[in-house]
1. Counting only residues that are within 30 Å of Asn11 (Cβ to Cβ) and of a type in the set (Ser, Thr, Tyr), how many does segment 23-71 have?
2. Looking only at helices (runs of 4 or more DSSP H) that fall completely inside the chain, which ones have 3 or more residues that are surrounded by 11 or more Cβ atoms within 10 Å (Cβ to Cβ) and free of Cβ contacts under 8 Å to residues at least 12 places away in the same chain?
3. Criterion first (modelled with pLDDT under 95 and within 16 Å of the chain's Cα centre (by Cα)) does Asn76 satisfy it?
Amino acid sequence: MTLEEKIARINALYRKSQAEGLTEDERKEQKLLREEYIANVRANLRGQLNQIDIQNADGTVTNLGEKYGSRNEKGN
């Protein structure tokens with residue numbers, strides 16, 4: 001299932017929950033899809049942040065991925 005399909009399914013389940021409620025299986029599916037979506041967003045953001053270099057006032061360059069990456073990977 002592509003990311004777009006997952007988002008569409010999350011939205012469909014949300015609309016159904018507001019209109020008539022969800023079955024236990026649908027609630028589990030919704031929770032799983034949301035967790036997968038959040039994990040995907042975090043991975044994409046982490047990948048982008050790992051590519052950012054900051055030039056300090058003294059002219060040195062700090063890579064955010066090298067500085068903060070290992071701590072974030074353990075925590076999430």
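The values are calculated or read from the model by the stated rules, or taken from the named source; none is laboratory data. Given the structure is predicted, the values throughout are model-derived calculations rather than measurements. Ideal geometry is used to build each Cβ from the backbone, glycine not excepted, and the neighbour counts take in all protein chains shown.
1. The total comes to 2.
2. 3-19, 24-50
3. Taking the combined requirement at face value, the residue satisfies it.
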